[in-house]
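Structure, as structure tokens:
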Amino acid sequence: MKRLLFLCLLATTLQAEAQQEVELGEVTVKGAKTAERTEGKRIYPTRQQLESAANGYMLLSRLTLPQLRVDPVMHTITPLSNLGGVQVRINDIAASQEDLMALDVKAVRHIEYIDNPGVRYGEGTAYVINIVVKRATDGYVAGADLTNTLTTVNGTENLFTKYNRGNSELGISYTLDYQNFKGTELDERARYQMEDGDIVTIHRRQLEGQDKRLAHKAQLTYNLSDSTYVLQAKLSGRRDISPHRQYTRMDADGTVYDDHSSSRSASPAIDLYFHRRLGSSQSLTANAVGTYIKTDSYAEYNEGGRYDYTIDGRTASLYAEAIYENQLKPFNLSGGLRYYQKYIHNEYAGSTEAVNDIRSSDVYLFTQLKGQLGHLGYMAGLGASNYYYRQADHRYRFWLFRPKFTLTYPLAVGLRLKYDFEVSQHVSQIALVNDVSIKQNALETLVGNPDIRPNRVTSHDLRLTYSNPRLTAELQGYYRMNAHCNMEQYRREGRHFYKTQTNADNECSFFFIQGYNQWDIIPERLSATLYGGLFRFFNFTDDYRHTYTSFNGGISLEAYLGRWTLTAYADNGWHFMEGEHRGHQPAAWTLAASYQTKHLTLSLYAQHPFSAHPLSHQTEVLNRHIYKEVSMRSSDQGNMLTLTLSWHITSGRKYRPIHRTINHQDQDAGILQGR
């Protein structure tokens, strides 16, 4: 009888545990690795993914995030679209490359992939990756991440250590970055129609060349925190050990000439950050970041005669932000203020003589509500910017508004519909709005336009998502219209052409239909990801009407075999049209194998295998007066083998949650250069 009662009790307990649901933010999912949220997805990496990844780039490459290409060799994250940029954050604030390379992967709780950023993130951000980690309270971690290409001169060496005691953490990192590529092959075929009707054709091709750099960076971080506050100070500096040099020997229809360029820069930065929890539902965050960039550059182009110039540049910027959050019922309220001030002083001397003094500032205010009305989830926000720009006699001040709302609704178990609408304004890069002219070759000159104004961007995004513990499938339809957008324009004067940008009566729009599927073929052993879509682009001005249709897609496979991890990835790049440029971001394919011990991970990457000269860049110019086909291939990237050695040693590590870290270092020196 006792055994019967015990078995009945055990069966009841197991049945209750099996029926328990895990609440993941705004939706409830049984055992799934991905939880759909209003602004994106919350991803829970598997044990195999965490154990096989030695740093942040390796972990993100394992996840195969939609519309992003993560390269753990070059330490880059590239958006495979022109929707905007990517922000990578650790505990909700932007992280540096060094932060990702020194990431304690085993402390990762989950990853928030936000492909529908709210108004808090401002203009120009299309994707946000927020890695949520636990904070250590005791012990230390030390390590090295050494990446070296075996088939060419290319590498990144990173050394780091973090020491925790009580509420304090001290972190130090040093990175050495080097490259010496000599296998670039440029081929350009151009056709120019002159005012007198004469047709000039030129075939430019590269006979030899070199792209060489050697730089290092150091970072010092101190963090003081408990369960209610975080205070952090970060001091970092980057400097070129030797100038970044580029050399090409060109042949233009039998005329051989050399082009040279070199630049050296130094950039110190200081970050101060404070986060405070106010009770159980409120928080206040404030941070300030100061960045200084010193640049010395030289460029020499010799097609059609010697043309050379130097640039002495200095840039100083200040970034400050304050954010208030309140988790009210039935919604969450957030609001904040961001201030950005930038000063640029660039002196051009030689064949191009100019002094650019540019002052710009941006005051951005935003407020946002996020909540649930029954089964309907919503997010609504409004951002407003007061932007100021001054250069010589050109002065502008204007308001930019960014309304945005998102609706989500569950149609069935695991099936979800989401719609997003947004109106925003786009401001051109500083380097494109200056009044400097740079000669590109014997027939072309690049001209800045300080009269460019912001343009309005309207977008609609509709998604249908299905997920269960082994499958995630998404179908997305997206449309974007850019009214009075900044588009390129060629001006013909005599036998010379001037390229600039204008936004008079231009319209640039595109739409796409795209599918994304991720399937665990054998749970915790073998998984596959497949995505692809059709894209249609429209570019209309008074001078031209261009349209283009393309297919963009990719596939990946991951196999976890004990200490071994095998991965294969391939995509066909990103094919698009903007203005009068039809661009083809090259395809990428990679095979990788990793072996892990307790403290050491060895990874071998084969990039572009079975291809000696893979395409690295391709574009077409479709102007009525100029037609150009430009392609670039690289033997350095062909059959490229790279070995990564990651070593970590820890002692006495204990963890608890932490809320924020920071890195907002400015990297834009506002310099307009030639090729």
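Numbers below:
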| read-out | value |
| --- | --- |
| Segment 515-526 residues that are under 14 Å from residue 562 (Cβ atoms), paired with ones that are polar (S, T, N, Q) (beta carbon under 9 Å, 6 or more apart) | 524/46; 524/48; 525/48 |
| Flag for residue 66 being modelled with pLDDT under 85 and either out of contact with any Lys or Arg (no Cβ under 8 Å at 6 or more places or on another chain) or not in a strand (DSSP E or B) (or both) | yes |
| Residues satisfying the stated conditions in segment 582-607, i.e. open to solvent by 20 Å² or more (accessible area, probe 1.4 Å) and within 22 Å of the chain's Cα centre (by Cα) | 582, 584, 585, 586, 587, 589, 590 |
| Pairs where the first residue, in segment 495-506, is surrounded by 14 or more Cβ atoms within 10 Å (Cβ to Cβ) and the second is modelled with pLDDT under 75, C-beta under 8 Å, 6+ apart | 501/428; 501/432 |
| Extreme residue, nearest to residue 492 (Cα to Cα), among residues of segment 161-196 that are out of contact with any helix residue (DSSP H, G or I) (no Cβ under 6 Å at 6 or more places or on another chain) and polar (S, T, N, Q) | 193 |
| Pick from segment 384-421, criterion farther than 30 Å from residue 450 by Cα and in a loop (DSSP other than H, G, I, E, B), ranking: least open to solvent (accessible area, probe 1.4 Å) | 414 |
| Any hit, segment 571-580, residues being over 30 Å from residue 445 (Cα atoms) and out of contact with any Pro (no Cβ under 8 Å at 6 or more places or on another chain) | yes |
| Residue in segment 149-179 that is nearest to residue 231 (Cα to Cα), counting only those that are buried (at least 16 other Cβ atoms within 10 Å of the Cβ), more than 21 Å from the chain's Cα centre (by Cα) and of a type in the set (Gly, Ala, Ser) | 171 |
| Residue selected from segment 406-448 under the condition of a type in the set (Ser, Thr, Tyr) and closer than 27 Å to residue 357 by Cα, by the criterion modelled with the lowest pLDDT | 428 |
| Conditions (1) without any contact (Cβ under 8 Å) to a residue 40 or more places away in the chain; (2) within 30 Å of residue 309 (Cβ to Cβ); (3) among the aromatic types (Phe, Trp, Tyr): number failed by residue 401 | (2) |
| Single residue of segment 109-148 satisfying the filter (surrounded by fewer than 20 Cβ atoms within 10 Å (Cβ to Cβ) and among the β-branched types (Val, Ile, Thr)) that is farthest from the chain's Cα centre (by Cα) | 137 |
| Condition check for residue 341: within 23 Å of residue 286 (Cβ to Cβ), in a strand (DSSP E or B), open to solvent by 20 Å² or more (accessible area, probe 1.4 Å) and in contact with a helix residue (DSSP H, G or I) (Cβ under 6 Å, 6 or more places away or on another chain) | no |
| Long-range neighbours under 7 Å by Cβ, at least six apart or interchain, first residue at pLDDT below 80 within segment 103-129, second buried (at least 19 other Cβ atoms within 10 Å of the Cβ) and hydroxyl-bearing (Ser, Thr, Tyr) | 122/364; 123/424 |
| Residue among 536, 525, 545 that is basic (Lys, Arg), in contact with a Ser or Thr (Cβ under 9 Å, 6 or more places away or on another chain) and open to solvent by 30 Å² or more (accessible area, probe 1.4 Å) | 536 |
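The values are calculated or read from the model by the stated rules, or taken from the named source; none is laboratory data. Just so we're clear, the structure is a prediction, and the values are computed from it rather than from any experiment. Cβ: placed from backbone, ideal geometry, glycine included. Neighbour counts: every protein chain shown. Calculation scope for accessible area: heavy atoms of the full protein, side chains included, ligands and nucleic acids excluded. Shrake-Rupley method; radii C 1.70, N 1.55, O 1.52, S 1.80 Å.
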